[in-house]
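Participant: Here it is, the structure, as structure tokens.
The values are calculated or read from the model by the stated rules, or taken from the named source; none is laboratory data. Because the structure is a prediction, the values reported are computed rather than measured. Positions of Cβ are generated from backbone atoms using ideal geometry, with glycine treated the same way; all protein chains shown enter the neighbour counts.
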Amino acid sequence: MKRKNAWSSYTEADIAALEAFSADYRAFLDAGKTERECVAEAVRLAEARGFADMNCVTAAKPGDRLYLNWMNKSILLFAIGTEPIESGMNILGAHIDSPRIDVKQNPLYEEEDLAYLDTHYYGGIKKYQWVARPLALHGVIAKKDGSVVCVNIGESEDDPVFCISDLLPHLAQEQMKKDAAKVVEGENLDLIIAGKPLGGEEKDAVKANVLKLLEAKGIEEEDFISAELEIVPAGKARDMGLDRSMILAYGHDDRVCAYPSLRAVLDFEGTPERTLCAVLTDKEEIGSVGATGMDSMFFENAMAELCALLGERTELSVRRCLRNSRMLSSDVSAGFDPLYASAFEKKNAAYLGRGLCFNKYTGSRGKSGSSDANAEYVAEIRRIMDDAGVAYQFAELGKVDLGGGGTIAFCCAKYGMNVIDAGVAVLSMHAPFEVINKADLYEAYRGYCAFLK
């Protein structure tokens, strides 16, 4: 069933609201190029709306707004409802990590008058896309004295940027014979950071100069061991197209779903009936593993703490809350690309501009790794969206035998709650710069708001 383009039904007032929301989203992207920066920005926005730190309260009641910052890499926000917590919550869940290149723990070295940082890529990337482009360095350096140095180099106009070099075409005959996965090897994704030697040094003089610059900031070479430094594309999110209908940016996957999920809870007015929850989580791009990934216990532990604040201190209350909850796993879909049409099955593809996209299942090939939403829940979602006048579509991630992908849906489906993936169609997914349509962003926000109500 072909859905019409969402733009065709917009009034001038709708377009004004869409553009305002898109501008706010671009600002969020620029402020949050890493999961840590996204959490910091989410905390800032939440506190501005009157949300309180859950760790600083001893009890909660209907109408309260709370947030829980988990290790500065994941965050949960709650709007407490009038119904007992055992009746469940309406949950919006998205991830805030994106494919990137990480700096190794022993990274700094010099080779022929150039200083480098050794790297390890994070998530599924096409390695050749990351060479010969301006890159920025974001993250933290944790020192033994307990202090933490925040790093953000390459975003301001007067900042230097960094680069990973590529081989010139004149000498690349052998390189060009390789398949795309090996044109650039992972161990060749090292970042060039300096080229000026320190006077008076005979060996590794460029590295010595880097260490001198770091020393001026109170940083020693061994501090890299306890650092988390991420290499991301330099530059701001930009409107794209002569009609400004799209946004070109790093990190749409999955911040294009995380931001409207966050805003839907922040913007909810009054006291809801069911408790509302937005969870923005880390590590989805590598399987939702680790202490800050959705497959860890942090979400379940947070729910136990919330139940306790509401006076429900039994494990059964937590289990009932999770079982009776409903969730939209807010994650992106692969947008149909006419230039690569052979990778898609057109009847079941996600199209830019046609609204919020639902995936009943994801997974790879025979639905492996998918939670596969129940038909009854899908029907309920259709009713909610139709009643709210939200533009939406249903899709799969490419042709059946080509592969697929996963989301955080399975992590919450294991509690027995109803979950379905719901997000925005993206072109060039996992590339340094991805493309989304503003109408899909806006319809995602409208759809998330309708679901919460």
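Participant: Filter segment 188-233 down to the residues that are in contact with a Ser or Thr (Cβ under 9 Å, 6 or more places away or on another chain) and charged (D, E, K, R), then identify the one that is farthest from residue 149 (Cα to Cα).
Facilitator: The extreme case among them is 190.
Participant: Can you say whether residue 364 is touching a Pro at 6+ places or on another chain (Cβ under 9 Å), farther than 25 Å from residue 391 by Cα and buried (at least 16 other Cβ atoms within 10 Å of the Cβ), as far as the supplied structure shows?
Facilitator: Against the criterion (touching a Pro at 6+ places or on another chain (Cβ under 9 Å), farther than 25 Å from residue 391 by Cα and buried (at least 16 other Cβ atoms within 10 Å of the Cβ)), residue 364 does not qualify.
Participant: If we scan segment 109-123, do we find a residue that is in contact with a His (Cβ under 8 Å, 6 or more places away or on another chain) and either surrounded by fewer than 22 Cβ atoms within 10 Å (Cβ to Cβ) or touching a residue at least 12 places away in the same chain (Cβ under 8 Å) (or both)?
Facilitator: Yes; the residues of segment 109-123 include at least one that is in contact with a His (Cβ under 8 Å, 6 or more places away or on another chain) and either surrounded by fewer than 22 Cβ atoms within 10 Å (Cβ to Cβ) or touching a residue at least 12 places away in the same chain (Cβ under 8 Å) (or both).
Participant: Is one or more of the residues making up segment 29-36 assigned by TED's automatic domain parsing to the domain that holds residue 425, β-branched (Val, Ile, Thr) and touching an Asp or Glu at 6+ places or on another chain (Cβ under 7 Å)?
Facilitator: Checked against the condition, which is being assigned by TED's automatic domain parsing to the domain that holds residue 425, β-branched (Val, Ile, Thr) and touching an Asp or Glu at 6+ places or on another chain (Cβ under 7 Å), segment 29-36 yields at least one hit.
Participant: Any idea which of 352, 328, 310, 306 is crowded, with 19+ Cβ neighbours inside 10 Å, within 29 Å of residue 446 (Cα to Cα) and touching a helix residue (DSSP H, G or I) at 6+ places or on another chain (Cβ under 6 Å)?
Facilitator: 328
Participant: So residue 447 ticks every box in (1) assigned to a strand (DSSP E or B); (2) more than 30 Å from residue 230 (Cα to Cα); (3) not polar (S, T, N, Q) but one. Which box is left unticked?
Facilitator: Here residue 447 meets the rest and fails (1).
Participant: Now, a different point. Looking at residue 98, is it under 27 Å from residue 265 (Cβ atoms) and either among the hydroxyl-bearing types (Ser, Thr, Tyr) or assigned to a loop (DSSP other than H, G, I, E, B) (or both)?
Facilitator: Considered against the rule, which asks whether it is under 27 Å from residue 265 (Cβ atoms) and either among the hydroxyl-bearing types (Ser, Thr, Tyr) or assigned to a loop (DSSP other than H, G, I, E, B) (or both), residue 98 comes out as yes.
Participant: Please work out if residue 242 is more than 16 Å from the chain's Cα centre (by Cα), under 25 Å from residue 30 (Cα atoms) and free of Cβ contacts under 8 Å to residues at least 12 places away in the same chain.
Facilitator: Here the answer is yes, as residue 242 does meet what is asked.
Participant: Across segment 285-331, what is the total count of residues that are of a type outside the set (Ser, Thr, Tyr), assigned to a loop (DSSP other than H, G, I, E, B) and more than 30 Å from residue 355 (Cβ to Cβ)?
Facilitator: Of the residues in segment 285-331, 8 are of a type outside the set (Ser, Thr, Tyr), assigned to a loop (DSSP other than H, G, I, E, B) and more than 30 Å from residue 355 (Cβ to Cβ).
One line per residue, one yes/no per condition, for (1) in a strand (DSSP E or B); (2) within 21 Å of residue 126 (Cβ to Cβ); (3) at pLDDT below 95; (4) not assigned by TED's automatic domain parsing to the domain that holds residue 324:
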| site | (1), (2), (3), (4) |
| --- | --- |
| 352 | no, yes, no, no |
| 357 | yes, no, no, no |
| 373 | no, no, yes, no |
| 379 | no, no, no, no |
| 384 | no, no, no, no |
| 393 | yes, no, no, no |
| 397 | no, yes, yes, no |
| 411 | no, no, yes, no |
| 426 | yes, yes, no, no |
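Participant: Ok, one more. Considering (1) part of a helix (DSSP H, G or I); (2) under 29 Å from residue 112 (Cβ atoms); (3) in contact (Cβ under 8 Å) with a residue 60 or more places away in the chain, say which one residue 231 fails and leave the rest.
Facilitator: Result: residue 231 fails condition (1) only.
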